[in-house]
Amino acid sequence: MRPVDLQLIGHDLAVKWDDGSEGFIPLDFLRRACPCAGCKGEMDIFGQVYKGPDKPLSEKSVQLQKVGLVGGYAVQPVWADGHNSGLFSFEYLKRVADAAAGNENEAPAG
């Protein structure tokens, strides 16, 4: 599945998928789902995840400045606090959207 349109609507990222379905992801949920190594940690060859302590999110941390496509496989949000290293594969973005629609408390693992 591929997103064909991404729009910021209020405090949500609206995603229209190539099958015609749509999803809305709250920006704070999207930010907590960031799959980058700084947010989710890094795994060594033995499967151990190394991660620094969680940082509290500020108001700027959940303000989306822009979101762009990366090649034909991912989207990259740019946040007002300068964070921009999270690449959301289309598959992962769909899982995040589905989790948000299910009102889950926690974003899916990267």
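A few notes on this one:
- Any hit, segment 37-50, residues being on the phi < 0 side of the Ramachandran plot, buried (at least 16 other Cβ atoms within 10 Å of the Cβ) and not hydrophobic (A, V, I, L, M, F, W, C): yes
- Residues in segment 82-102 that are more than 21 Å from HIS11 (Cβ to Cβ) and open to solvent by 50 Å² or more (accessible area, probe 1.4 Å): 3 in all.
The values are calculated or read from the model by the stated rules, or taken from the named source; none is laboratory data. Because the structure is a prediction, the values reported are computed rather than measured. Counting neighbours? That spans all protein chains shown, and the Cβs are built from the backbone with ideal geometry, glycine included. Each accessible area value is taken on the protein alone, full model and side chains, heavy atoms only, with ligands, DNA and RNA left out. Shrake-Rupley method; radii C 1.70, N 1.55, O 1.52, S 1.80 Å.
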